[in-house]
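What follows is a single structure, written as structure tokens, with notes after it.
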Amino acid sequence: MRSRFPRLLALAAFWLLAAVGCQKTQDAVPVIKVGEFGSLTGSTATFGISTQRGIDMAVEDLNAAGGIRGRKVQMIVEDDQGKPEEAATVAQKLINQNGVVAMLGEVASSRSLAAAPICQGAGIPMITPASTNPKVTEVGDYIFRVCFIDPDQGRVVAQFAFNTVGARTAAILTDVKNDYSVGLASFFEERFVQLGGTIATKESYTEGDIDFKAQLTAIRAKKPDVLFIPGYYTEVGLIGRQAQELGLTAKLLGCDGWDSPKLLEIAQGSLEGFYFTNHYSVSDPNPAVRQFVERYRELYGETPDAMAVLGYDAANVLFDAMKRAPSLQGAAIRDAIAQTKDFPGVTGTITINERRDAEKPMVVLQVRGDSLVVVEKIAPA
Amino acid sequence: MPKLVLEDVHVHYGGIKALKGISLEIDAGEIVTLIGANGAGKTTTLRTISGLLRPAAGRITFDGADLTRLKPHEIVAQGISHAPEGRIVFANLTVRENLELGAYRRRDRDGIRRDLERVFTLFPRLKERYSQNAGTLSGGEQQMLAVGRALMSSPRLLLLDEPSLGLAPILVRDIFQTIREINAQGMTVLLVEQNAHMALQIAARGYVLETGQVIHSGAAKELASDERVKKAYLGE
Amino acid sequence: MQEFAQQLLNGLSWGSIYALIALGYTMVYGVLRFINFAHGDVYMVGAFLAYYIAHAVGAGSHPSVAAAALVLLGSMVGCAILGVIIERAAYRPLRRQPRLTVLITAIGVSLLLENAGQLVFGADPKFFPQFIPGRNLSVGGVVVTSHQIVILGVSLLLMAGLHTFVMKTKTGMALRAVSFHREAASLMGIPTDRIISITFAVGSALAAAAGVLVGLSNPKIDPLMGLLPGLKAFVAAVLGGIGNIPGAMIGGLILGVAEVLVSGYISSTLRDAIAFGILIVILLTRPTGLLGRGQVEKV
Amino acid sequence: MSGARRAWMAVERFATASLVGRLAALAVTIAVLVVLDRALSRLLNPYVFRILMLCGINIVLAVSLNLINGFTGQFSIGHAGFMAIGGYAAAAMTTYWGPAALKAFAAVGLAGGIGTSMLFVLALLFGGLLAAAAGLLVGIPSLRLRGDYLAIVTLGFGEIIRVVILNLDFLGGARGFPGIPRYTNFFWVAFSGVVVVLVVRNLVSSAYGLAFRMVRDDETAAAAMGVDTTRFKVMAFVIGAFFAGIAGALFGHYLIYLHTNSFTFMKSFEIVIMVVLGGMGSIIGSVIAAILLTILPELLRSVQQYRMVFYSALLIVLMLTRPQGLFGSGTPFGLGRLWSKRREVRRAA
Amino acid sequence: MPPENGVLLDLNDCSIQFGGLKAVDGFDLRMSKGELVGLIGPNGAGKTTVFNLITGVYQPTRGEMLLKGRRLNGLKTHRITALGIARTFQNIRLFSSLSVRDNVRSALHIHCSLGIWDVVWRGKRFAEREGWVQGRAGELLEIFGLAGVANEPATSLPYGMQRRLEIARALGTEPSLLLLDEPAAGMNPHEKRELMQLIEWVRERFGLTILLIEHDMSVVMGICRRILVLDYGVTIAEGSPEEIRRHPKVIEAYLGEAAS
């Protein structure tokens, strides 16, 4: 008697869920389904969530403006828990179960790389907002991105360090489990050495770490001019503080992963005067940026980070292409995306090149008090 | 009025029926012994009385109170103390702490001190080893500690499981002598022993167990002279 | 030399976090002989409780000792209750089942806390308010932060408190008896179930304290933060001799120092590997840990 | 039931009676699987088909882990590590040596499908063998450690394997290993599933392989019966790891991209959960649990963010209500124990 | 003393210590082929330790052990089993998850002489050996009257039958020396009588030499010609049942003073 009740309960719950899952909503005018997958749970969920918010805003805009040829767009979002194999599975589900016509992909290149072959195979175009590994778009002609790629950004940071900051020795602190970080670090190193600088030391950490004192103490001993940290703000804020605590003299340099309203909150002033590259500047007077930032703050109560903006841009590039495409067939949308030229995105003017990567400007921001100031603007190479 | 009464107690371990309807009675102030071969159910009977095992059927009462559904620590509160087989002193605790644990449920500080003195009178060796870890004691000393510890709860019934196990003959005699003394001070004792000789010498009555059932019972003297008992358990 | 001293200090303050978590593992293993995999997640819940309490009492904006103490205590009490509930609901019904079964249940509880945590707290990281101002002290080039002092101080205090509790109080004595032999302890009139509950409460409270201290010095907390430190703390417990309370403290400190030295002098990629490397070496050469005592198997 | 059983036994007797019978059985199996492969990949929705494939890979993992945990009573939670080794080794082989090998095969007349099949078989074996070698390494601690200690060491090994791969540049490190050819299809997954079930069954049901279960039940008694317990414990690890390696190779060549994030200890836990839920020492249990636990999270997608909460809660409830797993232990193949607990309860009452 | 040439087991001055405790000290035992020797003594006297020494569970800290002139020291248990020593255990150690038949088959593992490939491949060799094992297991089950319960889980059998199964299992390894550890424990007089007959009978039928640990005097005295008494790890007496019964040391240490 005692053992049976919970089992029945579990069974009942199970069937209830199954029943709920099978219900379908039907509208008079069929909506256009677009898929999105991201890590809504797991250790990198913060980026998935930001991206999703940006995309939601774009969808709202679109539907408010009448959708695509009178049809509204419905986003179907799946969580991949930050696992590559889950990304592949959900991509397959979105395509075959939900019948999406296009896909907005993952932040992390590893997940995009796992899901891209499925989109490619099914002939469903996919745009990734922020996967910077060059290999992602090499998967096939249906795969696009709206961000710049690692080699470009790595080079820009190296040049900035050498020319503008005047650094001759650099240390690198890499997140070894993060493809993005590893990629940037290697391109930075390549360029910095090419320019005549030396790499004093290379240290590493792992996503999710919270104590970096060991590495920073080792770096402190080498006294480099700059410390390049190609990582995410979640760790960088802590690194900045611990570096300050330890009295590190090197200037810290970073990349778009730093961009988050929370960065300065966590860093507590420890990043004052330091630089990072980004897609755009929140304080850009450009009305498109102003409008986006205001609305985002209104909706979610915080300043958007890079992922939110890229999600917004990726969705808009896709919708723009869908509007231009003669039909909603995969190939048609693909061709339309490929022809994107001078699209006015929040992160700048986006042109998709022949490698299906976005060509767009990059900015170097400096931390000054509570704000980020644009110190350099670099046009697409 | 009998103190402890077991009525038709059945116990199952997994699929094995360890006790198949044990009934016995122990009167206030007497020593009763359970004898029988390994696996006959002696230890199981004690463990069932002290609540470590739950009977599948039957009833256990102590001074009229039903023990059948009580947990071990509640049974201790009822006044039954069990010195388990193999002694099991807390080797990581000192002798003092072991004895204090025996009085875990008690709050009467004076009474505890009195009982401690009583234990030391019975087992002077324990006083010498007062602050040693119990694990460093010899086998005999550990047995003393186990019995002493059981007395510290100031029980009305003492269950002793194989107190002579693994002890040198001379110590065996000592232990039995002590049991007799404790009993003389008014303690009711239920004794499980493999050394049936010794057990029947000090007990008033005995029950002979075999494969989970009582097969004989009676006055200890009668049992000791019973041919069947002699043959089976006394090596004659 | 200066660098080494700095690393050592870093390692000690990091290790005392492990030590606090390891204590809970070791206590639970002592009484129940199973690895409570959910323990690391209790540490996570502790950090989040502290986060919410700190916000509720405004400790972030008006730092004070009283507020800090309130945050610490509140989180410890909350986690103690959580620990007791977990034991009651998930482990107690399985007392007589094989340990593997209980272990799987513990993994289930761990997953539940993590996933429920992502739902309740949000999957993105939260940033701990600074309710103790950060100040640095330089001693011969070795930087000591106020947070490190707080971490070391509070954890030493807690460990000393635990030691007193276990060694000097009646309940502590009962706890040692239960961990030596549960059945024999119940024959002493010790309510073993209650002692086990107390063990979970104390262990969980210590994990909560670790969560608060971590949040204080490394203020990023997220629902998955307990996963790896939980495992590492278990390693620390094994290293010291599982079931052995001083062992857990020493194991935690050694592991913390070892990790910091490895990432400082060799490579931080090996940081996680070193924990498990130490574990494997210890288990193969001295399975009972540094302070543990062996038990002979009876044939 | 008994009629079907008798028929099956007759088939089996024929299949094992002679080399001809064996080859015939093999040919029939291959033919059936090839037909199924063609049919299913066309008939099924690709999403459903994908879940089916993942079920198959998980079956290989669960059954092979059952040999270690269920049948031999060792306690390993590092299966994902073996899987990673197999996956990466096989992927490295087909990616780096594949083109050359295919050319060589073509040169001797084995072009096209046959050539790639040959290559894939070699890659599967290579992955399996490397994993088996790691299994040998991990099996050695099992001689000294048991229970929780062994568990935590296997977990540690799994993590170390991951860290090592992360540091190997030619395996892609943190960026992952893209561009693996897609060789895994239903045929290979199903074939591997059949093989692992047959091998484990053949092992544990023979008088010789009874030793695995003897070691689990009572190591001392097993040694007294003349069982070289060391050998069997290590063997369980080696064979279990071998199939985990194969599963990893299938996984890699299906996903055509590998990343160490797929092989965390959570993956190991998932496999252990399958084994325990199915019932330790029950092959059919492992198979069914593997299927169940692959499908369950997919079904739960409808509850969105509550899905993993449900999954973990369900796991706890299942363990509390059926701690011995769905199929109990003891009978490797029978379904009979499914309701044993209830019967026992009734008898006791 | 039995004649030199017929010696099967020869233990010389065997000792083992656990920590500081001498569990067995200077133990000597010679058994000739076909003998049935009893080993008695109080609990904790070291009887089972002697078994554990002979079967390689423990290694002696001193002394030599020979079976048919071959040294047993340093060998692992399974090697010793292969040389022809089988045992039963004090608290029955059947394989709890295996059926009665599989418990008997488990003992035949040692005669399989198969490799892992044979088993997986299930070829001719396998069929031949497995067939032999089936047959042999059937025989043993038949002999020991267990055929009717062959498919029951071993631990569901009544106590007496479990003992019998354990002996049947031990015989499956085809030993020349059988070590029985308290086989009569937990048996009623009727079962004990059956057991005594069984022991006598298997000794005859399988040509066994048996070393028996037993508490029950009626059993030991009834079937052993020679008895050793162990106390505190030391042999305090050796001789025929009659001699042992009267031996003063034995009476004091074990049988109890009331035996007079």
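Looking for something under 24 Å from A:SER110 (Cβ atoms), in a helix (DSSP H, G or I) and at the interface with another protein chain (Cβ under 8 Å from one of its Cβ atoms) - is there at least one such residue anywhere in segment D:186-193? No, segment D:186-193 contains no residue that is under 24 Å from A:SER110 (Cβ atoms), in a helix (DSSP H, G or I) and at the interface with another protein chain (Cβ under 8 Å from one of its Cβ atoms). All conditions but one from (1) among the aliphatic types (A, V, I, L, M); (2) more than 23 Å from C:LEU156 (Cβ to Cβ); (3) within 11 Å of chain D (Cβ to nearest Cβ); (4) open to solvent by less than 20 Å² (accessible area, probe 1.4 Å) apply to C:VAL238; the one that does not is (2).
Taking segment D:136-147 as the range and being in contact (Cβ under 8 Å) with a residue 12 or more places away in the chain, at the interface with another protein chain (Cβ under 9 Å from one of its Cβ atoms) and open to solvent by 10 Å² or more (accessible area, probe 1.4 Å) as the test, the residues that pass are D:ILE140, D:GLY147. Within segment A:66-89, being of a type in the set (A, V, I, L, M, F, W, C) and within 14 Å of chain D (Cβ to nearest Cβ) holds for A:MET75, A:ILE76, A:VAL77, A:ALA87, A:ALA88. Taking the criterion of being among the aromatic types (Phe, Trp, Tyr) and either without any contact (Cβ under 8 Å) to a residue 40 or more places away in the chain or facing chain C (nearest Cβ under 8 Å) (or both), the residues of segment A:194-245 that qualify are A:TYR205, A:PHE212.
Taking segment A:322-348 as the range and being under 22 Å from A:VAL136 (Cβ atoms) and either assigned to a strand (DSSP E or B) or among the acidic types (Asp, Glu) (or both) as the test, the residues that pass are A:ASP335, A:PHE343, A:GLY345, A:GLY348.
Select from segment E:142-162 the residues that are away from chain D (no Cβ under 14 Å) and assigned to a helix (DSSP H, G or I) and write down the one among them that is most open to solvent (accessible area, probe 1.4 Å). That would be E:GLU142.
If I ask for residues that are polar (S, T, N, Q) and modelled with pLDDT of 85 or more, which ones from segment B:168-211 would you list? Answer for segment B:168-211, where residues must be polar (S, T, N, Q) and modelled with pLDDT of 85 or more: B:GLN177, B:THR178, B:ASN183, B:GLN185, B:THR188, B:GLN201. Go through segment C:123-133 and report how many residues are more than 8 Å from every other protein chain (Cβ to nearest Cβ) and not hydrophobic (A, V, I, L, M, F, W, C). Residues that pass the stated criteria total 3.
Scanning segment E:212-243 for residues that are under 25 Å from B:GLY36 (Cβ atoms) and among the polar types (S, T, N, Q) turns up just one, E:SER218. The set of residues in segment D:177-189 being over 16 Å from D:LEU122 (Cα atoms) and open to solvent by less than 20 Å² (accessible area, probe 1.4 Å) consists of D:PHE177 alone. Which one is modelled with the lowest pLDDT among residues in segment E:217-231 that are out of contact with any Asp or Glu (no Cβ under 8 Å at 6 or more places or on another chain) and of a type outside the set (A, V, I, L, M, F, W, C)? The qualifying residue modelled with the lowest pLDDT is E:SER218. Within segment D:158-167, one or more residues are small (Gly, Ala, Ser), in the same structural domain as D:VAL60 (by TED's automatic domain parsing), part of a helix (DSSP H, G or I) and surrounded by 20 or more Cβ atoms within 10 Å (Cβ to Cβ). Please indicate, with yes or no, whether at least one residue in segment C:134-142 is closer than 23 Å to A:GLU265 by Cα and either open to solvent by less than 60 Å² (accessible area, probe 1.4 Å) or within 9 Å of another protein chain (Cβ to nearest Cβ) (or both). Checked segment C:134-142: at least one residue is closer than 23 Å to A:GLU265 by Cα and either open to solvent by less than 60 Å² (accessible area, probe 1.4 Å) or within 9 Å of another protein chain (Cβ to nearest Cβ) (or both). If a residue has to be more than 25 Å from D:THR95 (Cα to Cα) and buried (at least 24 other Cβ atoms within 10 Å of the Cβ) to count, how many in segment D:239-266 make the cut? Selection size over segment D:239-266: 2. For the residues B:ARG69, B:ARG54, B:ARG107, the requirement of being free of Cβ contacts under 8 Å to residues at least 12 places away in the same chain and either open to solvent by 10 Å² or more (accessible area, probe 1.4 Å) or of a type outside the set (A, V, I, L, M, F, W, C) (or both) singles out B:ARG107. Condition check for B:GLY139 on (1) open to solvent by less than 60 Å² (accessible area, probe 1.4 Å); (2) small (Gly, Ala, Ser); (3) within 14 Å of chain E (Cβ to nearest Cβ); (4) over 24 Å from B:THR94 (Cα atoms): one failure, at (4). Just one of (1) open to solvent by less than 30 Å² (accessible area, probe 1.4 Å); (2) away from every other protein chain (no Cβ under 12 Å); (3) part of a helix (DSSP H, G or I) fails for A:ASN63. It is (1). Would you mind stating whether B:THR121 is out of contact with any helix residue (DSSP H, G or I) (no Cβ under 8 Å at 6 or more places or on another chain), more than 8 Å from chain C (Cβ to nearest Cβ) and either open to solvent by less than 20 Å² (accessible area, probe 1.4 Å) or part of a strand (DSSP E or B) (or both)? Spelling it out, it is not the case that B:THR121 is out of contact with any helix residue (DSSP H, G or I) (no Cβ under 8 Å at 6 or more places or on another chain), more than 8 Å from chain C (Cβ to nearest Cβ) and either open to solvent by less than 20 Å² (accessible area, probe 1.4 Å) or part of a strand (DSSP E or B) (or both). Report, ordered by the first and then the second residue, all pairs with beta carbons closer than 6 Å, sequence separation of six or more or different chains, a first member in segment A:167-192 that is more than 9 Å from chain D (Cβ to nearest Cβ), and a second member that is among the acidic types (Asp, Glu) and open to solvent by less than 10 Å² (accessible area, probe 1.4 Å). Partner pairs satisfying both residue conditions: A:LEU184/A:ASP150; A:PHE187/A:ASP150. Selection of segment A:216-226 for residues being surrounded by 24 or more Cβ atoms within 10 Å (Cβ to Cβ) and touching a Lys or Arg at 6+ places or on another chain (Cβ under 7 Å) yields only A:VAL226. Residue-level analysis places B:ALA40 among those that are touching a Ser or Thr at 6+ places or on another chain (Cβ under 7 Å) and closer than 30 Å to B:LYS230 by Cβ. Counted as qualifying within segment C:2-105 are the helices (runs of 4 or more DSSP H) with 2 or more residues that are of a type in the set (A, V, I, L, M), closer than 19 Å to C:HIS147 by Cα and within 11 Å of another protein chain (Cβ to nearest Cβ), namely C:2-32. Every residue in segment E:104-116 that is more than 7 Å from every other protein chain (Cβ to nearest Cβ) and farther than 12 Å from D:SER206 by Cβ, please. The answer is E:VAL104, E:HIS111, E:SER113. Say whether the condition of being in contact with a Lys or Arg (Cβ under 7 Å, 6 or more places away or on another chain) and touching a residue at least 60 places away in the same chain (Cβ under 8 Å) is met by at least one residue in segment E:128-142. Scanning segment E:128-142 turns up no residue that is in contact with a Lys or Arg (Cβ under 7 Å, 6 or more places away or on another chain) and touching a residue at least 60 places away in the same chain (Cβ under 8 Å). Residues of segment C:106-122 that are buried (at least 19 other Cβ atoms within 10 Å of the Cβ) and more than 8 Å from chain A (Cβ to nearest Cβ): C:ALA106, C:ILE107, C:GLY108, C:VAL109, C:SER110, C:LEU111, C:LEU112, C:LEU113, C:GLU114, C:GLY117, C:PHE121. Quickly run through segment C:256-269 and pick out the residues that are closer than 17 Å to D:GLY156 by Cβ and within 7 Å of another protein chain (Cβ to nearest Cβ). Of everything in segment C:256-269, just one residue is closer than 17 Å to D:GLY156 by Cβ and within 7 Å of another protein chain (Cβ to nearest Cβ), namely C:THR269.
The values are calculated or read from the model by the stated rules, or taken from the named source; none is laboratory data. Everything quoted here is computed from the prediction, not taken from an experiment. Cβ: placed from backbone, ideal geometry, glycine included. Neighbour counts: every protein chain shown. The protein model used for the area step is the full one, side chains on, heavy atoms only, and it has no ligands, DNA or RNA in it. Shrake-Rupley method; radii C 1.70, N 1.55, O 1.52, S 1.80 Å.
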